[in-house]
1. Choose one answer from Arg114, Arg27, Arg124: the residue with the largest mean-square fluctuation in a GNM of the chain with alpha-carbon springs under 10 Å.
2. Relative to the first principal axis of the alpha-carbon coordinates of the chain, what is the inclination of helix 92-107, with its axis defined by its Cα atoms, in degrees from 0 to 90 and to the nearest 10?
3. In the chain, with Lys and Arg counted as +1 and Asp and Glu as -1 at Cβ, which of these residues, Leu72, Ala54, Leu99, has the Cα nearest the positive end of the dipole, that is, farthest along it?
4. Per residue, how much accessible surface does the chain expose to a 1.4 Å probe? Answer in Å², no decimals.
5. Carbon and sulfur atoms: what percent of the 1.4 Å accessible area of the chain do they account for?
6. Can you check how the C-alpha radius of gyration of the chain compares to 2.2 N^0.38 Å, as a plain ratio?
7. Which residues make up the longest stretch of the chain that has no chymotrypsin sites (Phe, Trp or Tyr not before Pro) in a DSSP loop with at most 10 other Cβ atoms within 10 Å?
8. Are there GluC sites (Glu not before Pro) in region 95-179 that DSSP puts in a loop and that have at most 16 other Cβ atoms within 10 Å, and which ones?
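The values are calculated or read from the model by the stated rules, or taken from the named source; none is laboratory data. Not measured: the values here are computed from a predicted model. Positions of Cβ are backbone-derived with ideal geometry, glycine not excepted, and every protein chain shown enters the neighbour counts. SASA here: full protein model, heavy atoms, side chains in, ligands and nucleic acids out. Shrake-Rupley method; radii C 1.70, N 1.55, O 1.52, S 1.80 Å.
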Amino acid sequence: RSGESQHGYPIRLQEKFLLIDELSVKRLWFKSLVVKIGEKKTVSLWCWETNCFALDKNGVIFETTSEDRTGLMIKSKQSKNEILIGKKVMEEKTLKEILFIQQTMSQKAKIEAREFTLFENDQRLNAKTNEGWEVFFDLKEDVNWPLVELELVLEKELPREERGGLEYIDLRFNKVYYK
């Protein structure tokens, strides 16, 4: 947002064209302008009921999309009154936690999760793994220790060859539960 004029043109352009992430206007000499535009990148799909949208790094939906795209998908089970393109549907902190969980599960626990379900008040999160079972998280608490517990359970108690009938691993309590 550097180079905003006193009339706020860059801000108005960003409000009108939702695909613009960064915009700067700079005057060079007397009759020249340099305009730099950065396009928004989809961090995740955000789906509510049967509608899916591209979600940016700030938790704002900026275009309608289909559920069949690859990559991270966050399904919302929250009650929403009105969903409008250009509106924030998720707190940045929650989005960062989901991205951290996905990355840590992949790197440390060696398990991939591409689909997450976020429940009421951003407190409960379910991660569906590529093996078909789920991991339950409590987002009110720090997620670092539950991720360590997940890694240990998968390594010591549930190696890959013994996960055939696994339905879930619940990390929301002081003890790890699985079925």
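1. Arg27
2. The two axes meet at around 50 degrees.
3. Farthest towards the positive pole: Ala54.
4. On a per-residue basis, the chain sits at 64 Å².
5. That fraction is 48 percent.
6. Scaled against compact globular proteins, the figure is 1.29.
7. 31-179
8. Those satisfying the criteria are Glu112, Glu131, Glu141, Glu167.
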